[in-house]
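Below: the structure, in structure tokens.
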Amino acid sequence: MSESSPAGKITVGIVGASGYGGVQLVRLLTQHPEVELVYLGGDSSAGQSYTDIYPHLAGSVNLTVEPVDVEAIAQRCQAVFLSLPNGLACTMAPALLERGCRVLDLSADYRFENLNTYQSWYGGDRSDQVTVAEAVYGLPELFRDRIRDARLVGCPGCYPTASLLGIAPLLKQGLAQPETLIIDAKSGTSGGGRVAKTGMLLAEASNSLGAYGVARHRHTPEIEQICTHLARHEVTVQFTPHLIPMVRGILATIYANLRDPGLVRDDLLTIYTAFYRASPWVTVLPNGVYPQTKWAWGTNRCYIGLETDPRTGRVVVMSAIDNLMKGQASQAVQCFNLMMGLEESLGLPTTTFYP
């Protein structure tokens, strides 16, 4: 069983600390009033001082990246964040749970209720069905009570977070026809991670906008799973992601046919505001104000704007987040707070750096 910090703080580790998600976690957790960061694990970066990798954190972090060792993590950490490529967390999580460690997985390994769905989209052989059955989907605005009781949280992807927060009131309240859902989403280049990729080079991505993963992006089944849960019957969505030449941010524009074409924008604003009244990180914008990704930079906030089109009988929902924060690291910390019985917003930055 993991040890408590002498200061009474919660001892925490991060595996995959040198990636973009990892460095956001390091920044948040070193400033978290109830956390002592005691372990940073990595593969290619093992043995390096963390501030050699990220010099801007000098004075904040005094840790060396260690080889990944389940026994060492379980001995020293009460909770661990796994910020790893898909297919690796599932090799570690069962052993960590067995040793009494709380686990927050930022990959896709524990986002799916059905292992067959995971394997059909991500591949690989999995035999951890018992662990999968225990995992809770880490979208606090929809599953807050379950997260509070969880030992294992599968943190959502960035596109699903932006999309589902925009969609949830429509499906939960039966306002839209689920079969008409179309999600058009755009993400900054940091969503591709820190590994060098040709398409992410400045010369390739700058001054250009393009779709990718059309009709086959891996976040599609994740969105559909939660939409199905909300609508209480199977839902299929059309999801198209795009790469936009900026570092941070996702804007998801969601279209759906309204069940009642007579609903106007004010009606939907009232419904959305009530739906998210207990969700401090979702900001439903007033009439005629549409979200911009820059407003969410560096925060855990999701901005939602609404419009109705009486000509087509459709609703248009616009949802903006920081893909590295609400779409990844800060949402994981939000889940951590709930799991550990802390105030949900503890240690999370509320205001962007602007412009």
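The values are calculated or read from the model by the stated rules, or taken from the named source; none is laboratory data. Just so we're clear, the structure is a prediction, and the values are computed from it rather than from any experiment. Positions of Cβ are backbone-derived with ideal geometry, glycine not excepted, and every protein chain shown enters the neighbour counts. Protein only, heavy atoms only, side chains kept; ligands, DNA and RNA dropped before computing areas. Shrake-Rupley method; radii C 1.70, N 1.55, O 1.52, S 1.80 Å.
How long is the gain from Q119 to H56 if the chain were fully straight, where each residue apart is worth 0.36 nm and the alpha carbon distance is subtracted? Display every interim value, and only then the final one.
On the way: separation 63, 0.36 × 63 = 22.68 nm, distance 3.89 nm.
Extra length from Q119 to H56 when fully extended: 18.8 nm.
Mind grabbing the accessible area of L165 for me, 1.4 Å probe, Å², rounded to tens?
Accessible area, nearest 10 Å²: 0 Å².
Mind jotting down a quarter of the surface of the convex hull over the alpha carbons of the range 67-111, in square nanometres, one decimal?
2.8 nm²
Give, as a single signed number, the net charge of other residues whose beta carbon lies under 14 Å from the beta carbon of A329, with Lys and Arg counted +1 and Asp and Glu -1. Write down the numbers at each step before the final one.
On the way: positive: R27, R194, R248, R301, K326; negative: D105, D322.
The answer is +3.
To make sure I understand the rule: partners must be aspartates and glutamates, Cα under 19 Å from the Cα of K172, and not fewer than 8 residues away in the same chain. Which ones qualify?
Partners found: E141, D145, E222, E224, E234, D260, D266, D267, E307.
Around S279, with a cut-off of 12 angstrom between Cβ atoms, what is the net charge of the other residues, counting Lys and Arg +1 and Asp and Glu -1?
Numbers: positive: R144, R277, R301, K326; negative: E141, E344.
Result for the neighbourhood of S279: +2.
Enumerate the lysines that K186 could reach by cross-link, defined here as Cα to Cα under 19 Å, with residues fewer than 8 away along the same chain left out.
List returned: K197, K294, K326.
Write down the accessible area per residue of the range 228-355 in Å², having rolled a 1.4 Å probe over the full set of protein chains. Don't skip to the end; give the middle numbers.
Numbers: 5350 Å² over 128 residues.
Here the per-residue accessible area is 42 Å².
If the reach is capped at under 19 angstrom between alpha carbons, list the lysines near K9, excluding any in the same chain fewer than eight residues apart.
Excluding near neighbours in sequence, the set is empty.
Separation of the range 1-78 and the range 158-190 by C-alpha centroid, Å?
Between the Cα centre of the range 1-78 and that of the range 158-190, the gap is 34 Å.
Which percent of the accessible area of the chain is formed by carbon and sulfur heavy atoms (probe 1.4 angstrom)?
About 50 percent, which is the carbon plus sulfur part of the accessible surface.
Going from the alpha-carbon gyration tensor of the range 85-236, what semi-axes, largest first and in whole Å, does one get by taking the root of 5 times each eigenvalue?
Details: eigenvalues 136, 105, 39 Å².
Value: 26, 23, 14 Å, ordered largest first.
With only Lys, Arg, Asp and Glu charged, each at its Cβ (+1 for the first two, -1 for the last two), find how big the charge dipole of the range 32-165 is about the Cα centre; round to the nearest 20 debye.
Working: 9 positive and 17 negative charges, 54 e Å.
So the dipole magnitude of the range 32-165 works out to roughly 260 debye.
Can you tell me what share of the DSSP beta bridges in the range 1-135 is antiparallel? A percent to the nearest 5 is fine. Write down the numbers at each step before the final one.
Working: 1 of 16 bridges.
Counting only bridges with both partners in the range 1-135, antiparallel ones make up about 5 percent.
Mind listing P(r) for the chain? All alpha-carbon pairs, 20 Å bins, whole percents.
Cα pair-distance distribution for the chain, in percent: 31, 59, 11, 0.
Determine one quarter of the surface area of the Cα convex hull of the range 54-153, which equals its mean projected area, and express it in nm² to one decimal.
Working: hull surface 31.9 nm².
Here the figure is 8.0 nm², rounded to one decimal.
Less than 15 Å Cβ to Cβ from Q129, Lys/Arg counted +1 and Asp/Glu -1: what total charge do the surrounding residues give? Kindly include the intermediate steps, with their values, before the conclusion.
On the way: positive: R111, R126; negative: D109, E113, D125, D128, E134.
Charge balance in the 15 Å sphere: -3.
With every protein chain left in place, what is the accessible area per residue of the range 145-186 in square angstrom, probe 1.4 Å? Show your work: numbers first, answer last.
Details: 1270 Å² over 42 residues.
Accessible area per residue, the range 145-186: 30 Å².
Taking only protein heavy atoms and a 1.4 Å probe, what accessible area per residue, in Å², does the range 36-77 have with all protein chains in place?
Values: 2160 Å² over 42 residues.
Each residue of the range 36-77 exposes 51 Å² on average to a 1.4 Å probe.
So for the chain, taking the charge dipole from beta-carbon charges (+1 Lys/Arg, -1 Asp/Glu), which of V153, G19, A256 sits furthest toward the positive end?
A256
Please give the charge dipole size of the chain, origin at the Cα centre, charges +1 on K and R Cβ atoms and -1 on D and E Cβ atoms. Round to the nearest 20 debye.
Details: 27 positive and 32 negative charges, 140 e Å.
Dipole magnitude for the chain comes out near 680 debye.
For the range 54-64, in order, what is each residue's ³J(HN,Hα) by Karplus, 6.51 cos²θ - 1.76 cosθ + 1.60 with θ = phi - 60°, in whole Hz (x at glycine and Pro)?
Using θ = phi - 60°, the values come out as 10, x, 5, 9, 4, x, 9, 10, 10, 10, 9 Hz.
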